[in-house]
Amino acid sequence: MTITLKTYHLAQEQFAQFGVDTELAISMMEKIPVSIHCWQGDDVAGFEKPDTRLTGGIQATGNYPGKARNATELRADLDQALSLIPGPKRVNLHALYLESNLPVERNQIKPEHFKNWVQWAKKHQLGLDFNPSFFSHPLSEQATLSHSNDTIRQFWIDHGKACRNISAYFGQELGTPSMMNIWIPDGMKDLPVDRLAPRQRLIQSLDNMLSETLDPRYHIDAVESKLFGIGAEAYTVGSNEFYLGYAVSRNTALCLDAGHFHPTEVISDKISAVLPFVDKLLLHVSRPVRWDSDHVVLLDDETQAIASEIVRHQLFDRVHIGLDFFDASINRIAAWVIGTRNMKRALLRALLEPITQLRQLEQDGDFTGRLAWLEEQKSLPWQAVWNMYCERHNVPTDIHWLDEVRQYEKQVLALR
């Protein structure tokens, strides 16, 4: 009997004393995919042009060697990361990760420009999610869907429509709906005089962009708010209140990004606040450090709280978990592995909570007992269950995954 199996059996007995079935928790992990964002692998540059300048208030700081220079390299890097992450996964693409031998304007992109991604996803049994790219483009310098110029605004409407068709193509080909998230960088650096007109234009643009009804078996629209960005410190057109109202009134999914709110706000508390009003929720799990800095996800209190909210309320069919960070100062594959494994660890820990007992204590008004149980269960040997989960998926249980990343760095990344 292996050490992992021995320690797992001991952990299983301890959890059983708290009324927790570890096998049930592990089986539930197979029903909760995490969507891994492709843009960690190349610092959000995309493959439209080799000299694309990142704009829209987005920054990827650092210059760690070996970033992906094309889609083939990016998929190879993702292959390496995916091999070190247990359980079900998806991959999230942006429109600027298309593949074409000839330049293609964003309002002209088609499913054929992503056929290699679909073939790759089929090989790995992955779902794909999608995002229009409303940044890093000459026509996005001032605004996009809220622009006062009709021609520019229509360009971006057409881009969004093209992206919806690509997203639906993903869903049809892969048999799982693609979540397409709409985020725009529109805003102003200094105080605007007219805050209303851009928002009215944004409503009209979104309504136009989403006018075609697409089958939810293949495609789901989501809208994402933001507090501010670099160059949009004073005013953001697509604020939290704006998109919450839009999602509720238009029956779209709502995206909550962990870094898109005030420093003391957390999205874990917002999940139960918005779900009575929207049918589906998309989460961008990230780690803000003083602002929307998109640091690699840690196994910290907020990540755990997000996972606990999903599990405690059985929101597996309503909440779609995506990641959104990009750190160019460390090995990019390691960043994927660290962040995704941490999200999955948090989900497993949440599944190992004695939820029935905790809920009963709360209903009985026994807040002393609730606090005692919440704290004591933190010391239960969840790591042994995690190790068993990893072993069953044939991925490293501990820090040895880093050896494989460093070997890949020597053999592949260092040669770029």
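Would you please put 246-252, 410-416, 51-57 in order of how densely packed they are, using the mean number of other Cβ atoms within 10 angstrom per residue and starting with the highest? Could the numbers behind the result be given before it?
On the way: 246-252: 16.9, 410-416: 11.9, 51-57: 14.3.
Listed from highest to lowest mean packing, they are 246-252, 51-57, 410-416.
Which GluC sites (Glu not before Pro) in the stretch 207-244 sit in a loop by DSSP (not H, G, I, E or B) and have at most 16 other Cβ atoms within 10 Å of their own Cβ? Mind dumping the intermediate values first?
Numbers: sites: Glu212, Glu224, Glu233, Glu241; in loops: Glu212, Glu233.
Qualifying residues, ordered by number: Glu212, Glu233.
Place a +1 charge on the Cβ of each Lys and Arg in the stretch 71-157 and a -1 charge on the Cβ of each Asp and Glu, then give the dipole magnitude about the Cα centre in debye, rounded to the nearest 20. Mind dumping the intermediate values first?
Numbers: 9 positive and 9 negative charges, 72 e Å.
Magnitude of the dipole: close to 340 debye.
When the Cα centres of the stretch 29-55 and the stretch 298-365 are compared, how far apart do they sit, in Å?
Using only Cα atoms, the two centres lie 21 Å from each other.
Select from the stretch 1-107 those GluC sites (Glu not before Pro) which occupy a DSSP coil region and have at most 15 other Cβ atoms within 10 Å, ordered by residue number.
Listed in order of number, the matching sites are Glu30, Glu99, Glu105.
Can you compute the charge dipole magnitude of the chain about its Cα centre, using +1 on each Lys and Arg Cβ and -1 on each Asp and Glu Cβ, nothing else charged? Give it in debye, rounded to the nearest 20. Write out the running numbers ahead of the final one.
Numbers: 42 positive and 53 negative charges, 156 e Å.
Dipole size: approximately 760 debye.
For the chain, set up a GNM with springs between Cα atoms under 10 Å and report which of Arg75, Arg406, Arg370 has the largest fluctuation.
Maximum fluctuation in the GNM of the chain, among the listed residues, is at Arg370.
Straight-line reach from Lys189: which lysines have Cα under 23 Å away, leaving out those fewer than 8 places along the same chain?
Cα-Cα hits under 23 Å: Lys226.
Report the trypsin sites (Lys or Arg not before Pro) located in the stretch 271-351 that are in a DSSP loop and have at most 11 other Cβ atoms inside 10 Å of their Cβ, or state none.
Values: sites: Lys280, Arg290, Arg312, Arg318, Arg332, Arg341, Lys344, Arg345, Arg349; in loops: Lys280, Arg290, Arg318.
Here the trypsin sites (Lys or Arg not before Pro) that fit, given the DSSP loop and packing criteria, are Arg290.
Can you report the principal axis dimensions of the stretch 1-91 using only the alpha carbons, biggest first, rounded to whole angstrom?
59, 29, 23
Does anyone have the angle between helix 401-411 and the longest principal axis of the chain? Alpha-carbon axes, 0 to 90°, nearest 10?
Helix 401-411 sits roughly 40 degrees off the main axis of the chain.
Just subtract the alpha-carbon distance of Lys122 and His313 from 0.36 nm times their residue separation and send over the number in nm, one decimal. If you can, show how the numbers build up before the last one.
Values: separation 191, 0.36 × 191 = 68.76 nm, distance 3.15 nm.
So the chain would gain 65.6 nm between Lys122 and His313.
Hey, if you put +1 on the Cβ of every Lys and Arg and -1 on every Asp and Glu Cβ in the chain, which of Ala162, Asn116, Phe367 ends up farthest toward the positive end of that dipole?
With unit charges placed on the Cβ atoms, the residue in question is Asn116.
Cβ neighbours within 10 Å, averaged per peptide: list 133-140, 108-115 in order, most packed at the top. The partial results should precede the final answer.
Details: 133-140: 19.6, 108-115: 16.8.
Per-residue Cβ counts within 10 Å, averaged per peptide and sorted highest first, yield 133-140, 108-115.
Mean-square fluctuation check for the chain, GNM, Cα pairs under 10 Å: which of Ala222, Ala350, Ala234 is largest?
Looking only at Ala222, Ala350, Ala234, the biggest GNM fluctuation is shown by Ala234.
Would you grab the residues whose amide H sits under 5 Å from the one on Asn92? Only those 5+ places off in sequence or on another chain, please, with H modelled 1.01 Å from N.
Ile36, His37, Cys38, Asp129
At 222 nm, what value in deg cm²/dmol follows for the chain if DSSP H runs of at least 4 each add -39500 (n - 2.57) and the sum is divided by all its residues, to the nearest 500?
On the way: 14 runs with 176 residues, N = 416.
Calculated mean residue ellipticity at 222 nm is -13500 deg cm²/dmol.
Of all DSSP beta bridges in the stretch 33-353, what percent run antiparallel (nearest 5)? Walk me through the numbers on the way to the answer.
Details: 4 of 33 bridges.
Counting only bridges with both partners in the stretch 33-353, antiparallel ones make up about 10 percent.
So if each residue of separation counts as 0.36 nm, and I subtract the Cα-Cα distance between Thr7 and Asn107, what length gain in nm does that give?
Contour length minus the Cα-Cα distance gives 30.4 nm.
What is the helix-to-structure angle for 71-82, meaning the angle in degrees between its Cα long axis and the longest Cα principal axis of the chain, kept from 0 to 90 and rounded to the nearest 10?
Computed tilt is about 20 degrees.
Please determine, in degrees from 0 to 90 and to the nearest 10, the orientation of helix 367-376 with respect to the longest principal axis defined by the Cα atoms of the chain, where the helix direction is its Cα long axis.
That helix lies at roughly 90 degrees to the long axis.
Three principal axis extents, largest first, for the C-alpha atoms of the stretch 33-353, in Å?
Largest to smallest, the principal-axis extents are 50, 46, 40 Å.
Would you look at the GNM of the chain, springs on alpha carbons closer than 10 Å, and say which of Gly229, Gly19, Gly160 moves the most?
For the chain, modelled as a Gaussian network with Cα springs under 10 Å, the answer is Gly19.
No lab work stands behind these numbers, since they all come straight from the coordinates. No experiment lies behind these values; they were computed from the predicted model shown. Ideal geometry is used to build each Cβ from the backbone, glycine not excepted, and the neighbour counts take in all protein chains shown.
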